[in-house]
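Coordinate-derived values only; no laboratory data. The model shown is predicted, which means the values in this text are computed figures rather than measured ones. Positions of Cβ are backbone-derived with ideal geometry, glycine not excepted, and every protein chain shown enters the neighbour counts.
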Amino acid sequence: MRTTNKHFKTFCKECEKWIDIFGLRDWEIIYTHEKEVPDARASCYRDLTGRIATINLGTDWSNSPNAFNDEGMRKVAFHEACELLIAPLYINACARHVTEEEIKEASHTIIRILENVLWKNTE
């Protein structure tokens, strides 16, 4: 199954919603609608130093018929926004020489975002 321009617009709109909710406006974000690696619906490529991310919606969804609707597009968009949210932690954890302090910093970046965005809304 091939994703359409309508799917892409839904995907981008939902990504933007969660990027705003998570407060990730310190990233330059580029959206693309291109063929993905096999079995991937979407992807998020991150450059932590430059704070640039490319979020792509795959054009071919060979194994995802149940997700091929607006709700599925929104869920995939949420997933990619979460990938951007945890980017500092993921990139630092994958680094060959990472210090405990760098992991703590990345962890607390995510925790502060969740505190500022979700905690204040639970009262």
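Hey, with R₀ at 22 Å, roughly what FRET efficiency would His79 and Glu115 work out to, going by the Cβ-Cβ distance, to 0.05? Kindly include the intermediate steps, with their values, before the conclusion.
Numbers: r = 22 Å, r/R0 = 0.99.
According to the calculation, E is roughly 0.50.
Once every Cα of the chain carries one equal point scatterer and solvent is ignored, give the base-10 log of I(q)/I(0) from the Debye formula at q = 0.09, 0.17, 0.18, 0.21 Å⁻¹, two decimals. Taking Cα atoms of the chain as identical point scatterers yields -0.28, -0.89, -0.96, -1.15.
When the charge dipole of the chain is built from unit charges on Cβ atoms (+1 for Lys and Arg, -1 for Asp and Glu) and taken about the Cα centre, the candidate among Gly50, Val76, Val117 whose Cα reaches farthest toward its positive end is Val76.
Here the chain carries DSSP beta bridges of which approximately 60% are antiparallel, counting only pairs with both residues inside.
Calculate, for Thr99 and Lys35, the FRET efficiency according to 1/(1 + (r/R0)^6) with r their C-beta to C-beta distance and R0 41 Å; round to the nearest 0.05.
Values: r = 38 Å, r/R0 = 0.92.
E(calc), rounded to 0.05, equals 0.60.
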